[in-house]
Each structure stands twice: as C-alpha cells, then as structure tokens.
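Written below as structure tokens is the structure these notes are about.
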There are 2 protein chains.
Amino acid sequence: MEKINLKDYAENFVDIYNDIQETFPKAVLNQAFICKFSSNEYIVRFDEDIQYLFLLLDGRAKIYIVHENGKRALIQFLKKNDFIGELSLIEVEKNLKDVVAIDDCTCLAFPLASSKEHLLNDNLFLHNLSKYLGDKLLKRTDHYTDMQDYEFKNRLAKYILQIENDGCFQEKLTETAEYVGVSYRHLLYTLNQFHEDGLLKKKGRKYFIINKEKLERLSSKKG
Amino acid sequence: MEKINLKDYAENFVDIYNDIQETFPKAVLNQAFICKFSSNEYIVRFDEDIQYLFLLLDGRAKIYIVHENGKRALIQFLKKNDFIGELSLIEVEKNLKDVVAIDDCTCLAFPLASSKEHLLNDNLFLHNLSKYLGDKLLKRTDHYTDMQDYEFKNRLAKYILQIENDGCFQEKLTETAEYVGVSYRHLLYTLNQFHEDGLLKKKGRKYFIINKEKLERLSSKKG
DNA sequence: ACCTCAATATGAGATATCTCCTATTATTAT
DNA sequence: ATAATAATAGGAGATATCTCATATTGAGGT
C-alpha cells in the first residue's frame, strides 16, 4: 500500500479532484490522502480494525464475508465511486468483511478518527451516503433474490450478459463461482452446456457469445 | 386502512409519541398522521405509486419482491420502528415491493409530497436513516449469505432458534418456506427429519424444541 | 529455467431439493 | 351454516447441484 499526498494527486487528475471537492467538506479533505493498492492486496481485513473510510477512485475490488465455519463468500464487486468502510463510519457493522483489490486500486482515504464528526454533520454527505446505502441495499437484494428464484443456468446467463465486453466473457471462473453461489464444478458443467446449446464458443480460456438473443431469453425466463 | 389524527393517537400512546417528537422535525410532524392496517392488508403494492413514508409503530409486516416471472419472494419481516418507503423517499427505488401486514399494524405516515424537502434537510433524520439503511443492508446480506453457504437444515435450525417463543415454533409454514427459500415440500421433509432426530416434537400444528443444544449445534455447523 | 501454487478441466457417484399430485384439515367470506 | 380458499401433509420420481478425486495448464517468484 502506497500513500500519496492529495495535492500531488490532484495535479494529475483534475476532474476527479473537482468532483471530490464538491462532495466532501473542506475540513475533511484536509485530512484525506490517496492510497494505492496492488492487485490482490487486502484493503480491509475482517480481523483487523478499520482506520479509514475509503472512496474507490480507480480499479475494482471485491468484498468477502467470512463465516464462522471459515468459508468465504464473495458478496459484491466494488468499482469507481464505491465506498469502503462506510458501515463502520456510522457504527452499524459488527463483523468486518475482507476487501481485496482485484486490479490495482486508487482510493481516497479519510482517517475515521479525525473525520467522523465532520462527515456525520455534513448534510450533503449524509444525503449521498443514504442514497448510496439504499442503492447498495437494492442491488444486493436483487442479486440474492435472483439466486433463489432462478436456477443457475438463468442466473449465469444474466451474469454473463452483465459482465461481457464486446461479446467476450473472460472473468476468472473461480471468482465467478463464488459470486454466483455455485460450486466451481457446476459452473463448468453449465458453461459446457451453454457451449453445446450454441450460446457460447470457447477460444482458449475465453468464452464468446454467439447467440445473444437466446442468452437473453434464458436470462429472464425459467426453464 | 383507517386514518387517525396524530394528536388523538398521542393521547393514548404518550411514550411512543415522545420518541417520535424527538426523532422528526416539527414541520414534518404537522403533516403526519396515523394509519391502521388490518392483518393481510396491503400497505404498499408493487404496481402502485407510493404516497407516504411509513414508520411502523406496532404490528408486523412482510416485504415481497415481485419478479418478472410472477413469482414472489419474501425478503424481509418488518417490525416496530422499521421504515416503509424510505427508498422511495431518497429516490433510489425503481421497482416497488409488495408490503403486506401480518397482523394488525399501526403506522406513522408522512405524505411524501409535503415532507420530502424537510426530511432530506434534517441532519438527525439523515443520520438515523443512514444507520437504518446500513443495518438493513447488513442484516439482509447475512440472511442471504447464510442461504447460500449453509444447507437448508442448518438454516432452518437457525431460523427456528431466532423466532421460537418459549420453546415453541408456530410460524406459518407457507410463509417460512418463502422466507427461507425452499419449497414447502422440502420444509416439511426437514421438519419431519428434525422430529425423527429428536430435535422437535409436534403437538397439533405447533412444534416444540426438545433438544435445544443439538439444534444450536446444527444451526452453526455444516453437515 | 525451475518450482510452486492457483486456475482450468473433467469423471463418477451421492444427495439436497424440486415438481407434480392428491388428501385432509383450518380459515375466511357469502 | 356452507361454500370456497388457504394451509397442512405426504408419496413418487426427477434433476440440479455438490463432493471428492485427479490431471493439465498457466503465472509469479527466486
């Protein structure tokens, strides 16, 4: 983890810095700095105290919940403009999560100790936070209700359509399995089935969508 | 649905009214009134505009998400001090949910049209709302990650322990099945299995816990 | 260049869970 | 009260999904 002075960062990323300035009170920005995390680095560990509120400025990360039985479940992907640690800020979180950088990540970091008071008295911030949390709640609920109401092939179709890029699906399959909540084995079964049904074609380790319509039908129907 | 003047209500429920007064700005309380819903009555319908922010003062309710395929999934039980419609207030909700009263419910109702501005500028309210949403997010996440990481008998054990009263489990089984995310048929299988394993005893339509330890072990382990 | 560890891949067998069907009680509405 | 609807109950068979075992391939570190 590398720390960078906020002003140094501001010189190179003017637009982002302007957004930040409009969103956070000055007193808080004075305490803030930039953190860079490398791919696969832990941003937060479930068994260590969290010291900062982070705002993800660049890169992708993932949140794991750690169960008592030692198993982990991937519960969310984070991207630009997602908060990390906001639940600790408002003191509702008892069990921290693991947060891991997927690719290199740039974060804006606010030291909780010195920023909490300011943030919790700032109307704009609270309003934004409420919207952010409400949105997160809805998205997470949708994700999970889908899991329980559709069988896996439907969910997988939906997931592929969400995440594909130029018709190409190249996510890490181990991660995908954790996120969509099935065993790796079953994920492979289903991908092979998609291949046999003429939905996907495999080249090397990438899958290409060759029948998007059919995939879309599958993603929103049962059966 | 029956409307009652807030002042009339306040005379009979002094303590609750005092809490309310400390939590909401006066300008907003002047617009508010009390709504009573009967058991099984719809408080919100997924296909109708929502006009009020409700705070549940008494009774229990349940939230359903309605899928495109027509299926419903029970996603949360609501009790005293839960909000209804708070996501519409902050304008993040696109797809409304069904909210249905389980028993008779008493709600404090704020007309969105006239209260929104006031509420969204009130620091105390926003802070409370953030905490409320954060807490809801965590609870919902826990509920769903449990669903995916434990098999049903573990989840059922946990659920029974959460909801039992004096060792007696008497929830409606159809509702339970929807909430815990299995078919009614499978719920019955598992309850019978619990009976055979000496965890529960059945009297009429009620189940009584006869081996709490074993149930607790089952609720937190795999297998 | 070599070693190690993580990711990809697939087979075989087990089982958790579902769907569909059919009775039998409760509960609610007319 | 009686009809109608919802909840409880269980049988039979299908299948979606899991676990475990094993082999191959790829990437990162020294």
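How large is the charge dipole for the range A:2-135, taken about the Cα centre, if only the Cβ atoms of Lys, Arg (+1) and Asp, Glu (-1) carry charge, to the nearest 20 debye?
Working: 15 positive and 22 negative charges, 48 e Å.
So the magnitude is around 240 debye.
For every helix of n ≥ 4 consecutive DSSP H residues, a contribution of -39,500 (n - 2.57) applies; sum these over the protein assembly as shown, divide by its total residues, and give [θ] at 222 nm rounded to the nearest 500 deg cm²/dmol.
Working: 20 runs with 206 residues, N = 446.
-13500 deg cm²/dmol, from helical runs alone.
What are the residues whose amide H is under 5 Å from the amide H of B:Ile43, where those residues sit 5 or more places off or on another chain and H is modelled from the backbone?
Amide H neighbours of B:Ile43, under 5 Å, 5+ apart: B:Val99, B:Val100, B:Ala101.
On a straight-distance basis, which aspartates and glutamates could pair with B:Lys97 in a cross-link, Cα separation under 16 angstrom, same-chain partners fewer than 8 positions away excluded?
Qualifying aspartates and glutamates at Cα under 16 Å: A:Asp135, A:Asp142, A:Asp146, A:Asp149, B:Glu41, B:Asp47, B:Glu48, B:Asp49, B:Glu68, B:Asp82, B:Glu86, B:Glu178.
Going by amide H atoms built from the backbone, whose H comes under 5 Å of the H on B:Ile75, apart from near neighbours?
Those qualifying (amide H under 5 Å, at least 5 residues apart or on another chain) are B:Ile63, B:Tyr64, B:Ile65.
Under a point-charge model restricted to the Cβ atoms of Lys and Arg (+1) and Asp and Glu (-1), what is the dipole moment magnitude of the range B:47-122 relative to its Cα centre, in debye to the nearest 20?
320
Compute the Cα gyration tensor for the range A:148-220, then decide on rounded, prolate or oblate, letting a ≥ b ≥ c be the square roots of its eigenvalues: rounded whenever a/c is under 1.5, prolate when a/b is larger than b/c in the other cases, and oblate in all that remain. Can you show the working numbers first?
Details: a/c = 1.44, a/b = 1.12, b/c = 1.28.
It comes out rounded by the Cα gyration axes.
Please express the shape of the protein assembly as shown as an equivalent ellipsoid: the semi-axes are the square roots of 5 times the eigenvalues of the C-alpha gyration tensor, given largest first in whole angstrom. Intermediate values should be presented prior to the final figure.
Numbers: eigenvalues 250, 229, 95 Å².
Taking √(5λ) for each eigenvalue gives 35, 34, 22 Å, largest first.
Using only atoms on other chains, find how many Cβ atoms lie within 10 Å of each Cβ of peptide A:122-132 and report the average.
The shielding value for this peptide is 6.
Please give the net charge around B:Leu138, taking every other residue with its beta carbon less than 14 angstrom from that of B:Leu138, where Lys and Arg add +1 and Asp and Glu add -1. Let's see the in-between values first.
Numbers: positive: A:Lys94, A:Lys97, A:Lys136, A:Arg140, B:Lys131, B:Lys136, B:Lys139, B:Arg140; negative: A:Glu86, A:Glu91, A:Glu93, B:Asp135, B:Asp142, B:Asp146.
That works out to +2.
Listing A:Val99, B:Val182 from the residue with the fewest other Cβ atoms within 10 Å to the one with the most, what is the order? Could you put the intermediate results ahead of the total?
Values: A:Val99 25, B:Val182 19.
In increasing order of surrounding Cβ atoms, one gets B:Val182, A:Val99.
For a quick check: sort B:Cys168, B:Cys35, A:Cys107 by the number of other beta carbons within 10 angstrom, fewest at the front. Can you show the working numbers first?
On the way: B:Cys168 11, B:Cys35 18, A:Cys107 26.
Going from sparsest to densest Cβ surroundings: B:Cys168, B:Cys35, A:Cys107.
What order do you get for B:Asp166, B:Asp149 when you list them from fewest to most C-beta neighbours inside 10 Å?
Numbers: B:Asp166 6, B:Asp149 17.
Neighbour counts put them in this order, fewest first: B:Asp166, B:Asp149.
Rank by packing, highest mean first: peptides B:2-10, B:108-116, with packing defined as the count of other Cβ atoms within 10 Å averaged across residues. Mind showing how you got there, number by number?
On the way: B:2-10: 12.4, B:108-116: 18.1.
So the peptides B:2-10, B:108-116, ranked by packing, come out B:108-116, B:2-10.
Which whole-number percent gives the relative contact order of chain A, counting Cα pairs below 8 Å spaced six or more residues apart? Write down the numbers at each step before the final one.
On the way: 323 pairs, mean separation 42.9, N = 223.
RCO, chain A: 19 percent.
Among B:Asn40, B:Ile75, B:Ile163, whose Cα sits farthest toward the positive end of the charge dipole of chain B (+1 at Cβ of Lys/Arg, -1 at Cβ of Asp/Glu, about the Cα centre)?
So the residue we want is B:Ile163.
Computed over the Cα atoms, what is the radius of gyration of the range B:76-223 divided by 2.2 N^0.38 Å, N being its residue count? Present the calculation step by step, with values, prior to reporting the outcome.
On the way: Rg = 19.0 Å, N = 148, 2.2 N^0.38 = 14.7 Å.
Dividing the Cα radius of gyration by 2.2 N^0.38 Å gives 1.29.
Suppose every Lys and Arg Cβ carries +1 and every Asp and Glu Cβ carries -1, with no other charges. What dipole size does the protein assembly as shown come out with about its Cα centre, to the nearest 20 debye?
Numbers: 66 positive and 70 negative charges, 388 e Å.
The calculated dipole for the protein assembly as shown is roughly 1860 debye.
Using a cut-off of 19 Å between alpha-carbon atoms, which lysines can reach A:Lys203, once sequence neighbours fewer than 8 places away in the same chain are excluded?
The reachable lysines, counting only those whose Cα sits under 19 Å from A:Lys203, are A:Lys172, A:Lys212.
Coordinate-derived values only; no laboratory data. Just so you know, these numbers come straight off a predicted model, no measurement behind them. Every residue, glycine as well, gets a Cβ built from its backbone with ideal geometry; the counts of neighbours run over all protein chains shown.
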